[in-house]
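The values are calculated or read from the model by the stated rules, or taken from the named source; none is laboratory data. Computed from a predicted model, the values in this text were never measured in an experiment. Here Cβ is always computed from backbone atoms with ideal geometry, including for glycine, and neighbour counts include all displayed protein chains. Quick note on the areas: whole protein, heavy atoms, side chains included, nothing else; ligands and nucleic acids left out. Shrake-Rupley method; radii C 1.70, N 1.55, O 1.52, S 1.80 Å.
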Amino acid sequence: MTSWRSASDPSPGNFSSGIDPQKLPQVVILDGADPRWRSGPWDGGTYIGVPAMDYMYLNGYNLNKNYEGMIEVSYDYFNDSFYNRYVLDSLGMLKQFLWEEEKNSWFTAWSAPDTECDLYGRCGPNGRCSMSSSPICNCLKGFEPKYSGEWNGGNWSAGCVRSKQLECEKNGNGSWKGDGFLKMERIKVPDFADSLAAGSLTECEEKCQKNCSCVAYAYDSLIGCMIWGGDLMDIQQFAKGGVDFNIRLPASELGSLDFIAGEMAYAGFLHAIRSVEEKGLCGLSSCCVQG
């Protein structure tokens, strides 16, 4: 699908839209050769990066691969009074129109990109965009701005880099011990997802954890295990919808070391109490008074 050059000029414009044939297909809008927006992966019923699709697209929208490996999109109408069309306008907006028979007119049911956070890579690599935050861009936990001056000035395109090296990288032997995962909820997962054979969330985490190049994972019951390596591009925080997204961090960034230290201190405290009790000086239910 190609846009018009302008609202009054039907010659080919700058924008195009179609299915990106990755391992996990998704709809994309391109501005020339540059990505402008993407839907997130198709799960067989919806695009998981478009919360509105929970109710807007289930009525007959289908995406399948044919025997030649080509991706086919189709739409089945379940009643003759339901009409639906898609338009990519000259401003790069992909719109879905539905026919309202009572008013004998079309109305816009859905459009994208709809917010600033919908724009591809708005917060750069390893940044997260949220329309409920001010500013809208923040580095992921365990990351810091690559160029703090630009970032603080509102130029987020360079994104973020890790604050601390992963333990598995530091060890140099591929050992994953010392790293863990932070769960982020209601997330539009980043671009360039790869699929991994795993029958459950637990198996997905275990396989990612044992591979140092796997920096994040997500599990969808319909898609299965999704993993990412390298920089994480185009992450968005939703108010509703999205999926749980888990990012690999060193234990020190997860607070695990503080937790372990606290547990050790508490264990030491209990040991001291038991030692005192064994010597008959005082019990847990009594108090010691120095006379």
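Summary of computed values
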{"item": "Hits in region 23-40 - residues which are in a loop (DSSP other than H, G, I, E, B), open to solvent by less than 40 Å² (accessible area, probe 1.4 Å) and either touching a residue at least 60 places away in the same chain (Cβ under 8 Å) or in contact with a Cys (Cβ under 9 Å, 6 or more places away or on another chain) (or both)", "result": "L24, S39, G40"}
{"item": "Residues of region 219-232 classified as more than 17 Å from K183 (Cα to Cα) and of a type in the set (A, V, I, L, M), total", "result": "2"}
{"item": "Near pairs, Cβ below 6 angstrom, 6+ apart or cross-chain, from region 85-113 (in contact (Cβ under 8 Å) with a residue 40 or more places away in the chain) to any residue that is assigned to a loop (DSSP other than H, G, I, E, B)", "result": "L88/M1; S90/A7; W110/A52; P113/L119"}
{"item": "Residues being open to solvent by less than 30 Å² (accessible area, probe 1.4 Å) and part of a loop (DSSP other than H, G, I, E, B) - total across region 125-143", "result": "6"}
{"item": "Residue within region 144-156 that is surrounded by 13 or more Cβ atoms within 10 Å (Cβ to Cβ), at pLDDT below 95 and over 23 Å from the mean Cα position of the chain (by Cα) present", "result": "no"}
{"item": "Counted residues, region 12-26 - those being modelled with pLDDT of 95 or more and either in contact with a His (Cβ under 7 Å, 6 or more places away or on another chain) or farther than 14 Å from L91 by Cα (or both)", "result": "0"}
{"item": "Conditions (1) surrounded by fewer than 19 Cβ atoms within 10 Å (Cβ to Cβ); (2) free of Cβ contacts under 8 Å to residues at least 60 places away in the same chain; (3) in contact with a Pro (Cβ under 8 Å, 6 or more places away or on another chain); number of the one not met by A216", "result": "(1)"}
{"item": "Selection count where residues are at pLDDT 95 or above and more than 20 Å from D114 (Cα to Cα), scope region 34-68", "result": "0"}
{"item": "When residues of region 94-124 are limited to those that are closer than 22 Å to T2 by Cβ and open to solvent by 50 Å² or more (accessible area, probe 1.4 Å), the one modelled with the highest pLDDT", "result": "L119"}
{"item": "Odd one out for G229 among (1) in contact (Cβ under 8 Å) with a residue 12 or more places away in the chain; (2) open to solvent by 60 Å² or more (accessible area, probe 1.4 Å)", "result": "(2)"}
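So that you can scan it fast, the table gives a plain yes or no per residue for (1) in contact with a Leu (Cβ under 7 Å, 6 or more places away or on another chain); (2) open to solvent by 40 Å² or more (accessible area, probe 1.4 Å); (3) not acidic (D, E):
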{"site": "K170", "(1), (2), (3)": "no, yes, yes"}
{"site": "R186", "(1), (2), (3)": "no, yes, yes"}
{"site": "P190", "(1), (2), (3)": "yes, no, yes"}
{"site": "A193", "(1), (2), (3)": "yes, no, yes"}
{"site": "A198", "(1), (2), (3)": "no, no, yes"}
{"site": "E205", "(1), (2), (3)": "no, yes, no"}
{"site": "N211", "(1), (2), (3)": "no, yes, yes"}
